[in-house]
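Just so you know, all these numbers are worked out from the coordinates, no wet-lab data involved. None of the values given here were measured: they were computed from a predicted structure. Neighbour counts are summed over all protein chains in view; Cβ atoms, including those assigned to glycine, are modelled from backbone coordinates with ideal geometry.
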Amino acid sequence: MTIYFMANKFILPKDKHDRIFENAIKNEYLRFVKPSNNPEVILLGGQVGSGKSTVRNEYAKNNFLVIDTDAYK
């Protein structure tokens, strides 16, 4: 089995992709933030106990969308 074949095996049809985005992602995450003319991305990483959650929580108070990769393990 080639990598190309395996990758295509997991591609969603556009209608299903759009439905998941509208019903799950947009409603769950984007309803809490306002659109911005100057969007920014902050990638936060560090060792256990380094204060990532504290920093994340401060940004979350100020119209930042927080995507916690631990929620997707």
So for each of 21-31, 50-60, 35-45 I average, over its residues, the number of other beta carbons within 10 Å; can you give me the resulting order with the highest mean first? 50-60, 21-31, 35-45
Gain upon complete extension [E22, L44; 0.36 nm per residue less C-alpha separation]: 5.3 nm
Percentage of Cα-Cα pair distances in the chain greater than 15 Å, rounded to whole percent? 70
Can you count the Lys pairs in the chain with C-alpha separation below 28 Å, eight or more apart or on different chains? 18
Quick check: net charge around F64, other residues with Cβ under 15 Å of its Cβ, Lys/Arg +1 and Asp/Glu -1? +2
Among residues other than G46 whose Cβ falls under 12 Å from its Cβ, what is the net charge (Lys/Arg +1, Asp/Glu -1)? +2
So what is the calculated 222 nm ellipticity per residue for the chain, using -39500 (n - 2.57) for each DSSP H run with n of 4 or more, over all residues, to the nearest 500 deg cm²/dmol? -8500 deg cm²/dmol
Potential lengthening between L30 and F10 on full extension [0.36 nm per residue; Cα-Cα distance subtracted]: 4.7 nm
